[in-house]
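Engineer: Sharing a structure with you now.
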Amino acid sequence: MKNANPVSLGFRALAAVLAGLFFAGCGSSKPSSETAAPKTIFDHFSIQVGGHPASLQIAVTQAEQEHGLMQRPDLGPDEGMVFVYAQPQQMSYWMRNTPEPLDIAFLTRDGAVAETYDLLPLDERPVNSHGDEMQFALEMPKGWFAAHNVRPGDRIDLKALAAALRQRGFDPAKYRISEASPASP
């Protein structure tokens, strides 16, 4: 007669391993912020635009910028996305697979709003910036800029944007954003 069958021995061994893993993860020490994983495109950051708080996702990589706010039917009233580029350029955006109407602002490298436009849901016609010195694009729910009286010349808080980039694991200097960058008035 055998003491135990392989199934019950296997079960006990598995239970012992799982219990060990469970209790190993129950320590009271919290991970330090130095070892915390970088934030992602899905995280929101509080960044002022024209002196008004906005909850912004930050699109930095080409894949993040190409996807943007596509398939987002649930954008909150103060939620949006800022697109950060390494070099100033002329910009072109469209609304492929984007079901909510949006407003877009094109901003210069010093964070100043230069141009704003309405974006229609699912409209694949490009909306181009007139200027070729744009370094950021900011998409917000339709009417947000007007409701908050954000006009050309108003600024995004570049200090907060630099901090958010660092939290995402990106070096703000690569985008020519420094801690000394002016904040919005």
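Engineer: One residue is enough: does the range 162-170 have a residue meeting the conditions under 27 Å from Pro38 (Cα atoms) and more than 15 Å from the chain's Cα centre (by Cα)?
Structural biologist: Going through the range 162-170, the residues under 27 Å from Pro38 (Cα atoms) turn out to be 162-170.
Restricting the remaining residues to those that are more than 15 Å from the chain's Cα centre (by Cα) gives none.
No - not one qualifying residue is present in the range 162-170.
Engineer: Still on this structure, I have one more. Does any residue of the range 60-70 turn out to be among the polar types (S, T, N, Q), surrounded by 14 or more Cβ atoms within 10 Å (Cβ to Cβ) and at negative phi?
Structural biologist: Yes, some residue in the range 60-70 is among the polar types (S, T, N, Q), surrounded by 14 or more Cβ atoms within 10 Å (Cβ to Cβ) and at negative phi.
Engineer: Restricting attention to the range 31-71, and to residues there that are in contact with a Ser or Thr (Cβ under 7 Å, 6 or more places away or on another chain) and of a type outside the set (Gly, Ala, Ser), which single residue is farthest from Gly143 (Cα to Cα)?
Structural biologist: His44
Engineer: Quick one: what pairs do we get from the range 165-185, first residue under 24 Å from Asp154 (Cβ atoms) and modelled with pLDDT under 95, second crowded, with 18+ Cβ neighbours inside 10 Å and polar (S, T, N, Q), C-beta under 6 Å, 6+ apart or different chains?
Structural biologist: Going by the 6 Å Cβ cut-off, the qualifying pairs are Ser184/Gln48.
Engineer: Same structure again: Hey, can you tell me all the residues within the range 132-157 that are in a loop (DSSP other than H, G, I, E, B) and either under 15 Å from the mean Cα position of the chain (by Cα) or within 16 Å of Ala112 (Cβ to Cβ) (or both)? Write out each step before concluding.
Structural biologist: Of the residues in the range 132-157, the ones in a loop (DSSP other than H, G, I, E, B) are 132-133, 142-143, 148-154, 157.
Residues satisfying the conditions are Asp132, Glu133, His148, Asn149, Val150, Arg151, Pro152, Gly153, Asp154, Asp157.
Engineer: Give the residue that is surrounded by the fewest Cβ atoms within 10 Å (Cβ to Cβ), with candidates limited to residues of the range 102-144 that are of a type in the set (D, E, K, R) and touching a residue at least 40 places away in the same chain (Cβ under 8 Å). Spell out the reasoning first.
Structural biologist: As a first pass, look at the range 102-144 and keep what is of a type in the set (D, E, K, R): 103, 109-110, 115, 118, 123-125, 132-133, 139, 142.
With the extra rule that they be touching a residue at least 40 places away in the same chain (Cβ under 8 Å), the set shrinks to 103, 109-110, 132-133, 139, 142.
On the way: Asp103: 20, Arg109: 17, Asp110: 15, Asp132: 10, Glu133: 15, Glu139: 26, Lys142: 16.
Here the answer is Asp132.
Engineer: What are the residues in the range 59-101 that are touching a Pro at 6+ places or on another chain (Cβ under 8 Å) and among the hydroxyl-bearing types (Ser, Thr, Tyr), if any?
Structural biologist: The answer is Ser92, Tyr93, Thr98.
Engineer: For the range 80-94, indicate whether the set of residues that are touching a His at 6+ places or on another chain (Cβ under 7 Å) and either at pLDDT 95 or above or not β-branched (Val, Ile, Thr) (or both) is non-empty. Show your work before the answer.
Structural biologist: Let us first name the residues in the range 80-94 that are touching a His at 6+ places or on another chain (Cβ under 7 Å), namely none.
No, that holds for no residue.
Engineer: I've got another one for you. Could you please find all residues in the range 88-133 being among the hydrophobic types (A, V, I, L, M, F, W, C), out of contact with any strand residue (DSSP E or B) (no Cβ under 7 Å at 6 or more places or on another chain) and more than 21 Å from Gln71 (Cβ to Cβ)?
Structural biologist: None; the set is empty.
The values are calculated or read from the model by the stated rules, or taken from the named source; none is laboratory data. Since this is a predicted model, take the numbers as computed values, not measurements. Cβ coordinates were reconstructed from backbone atoms using ideal geometry, including for glycine residues, and neighbour counts include every protein chain displayed.
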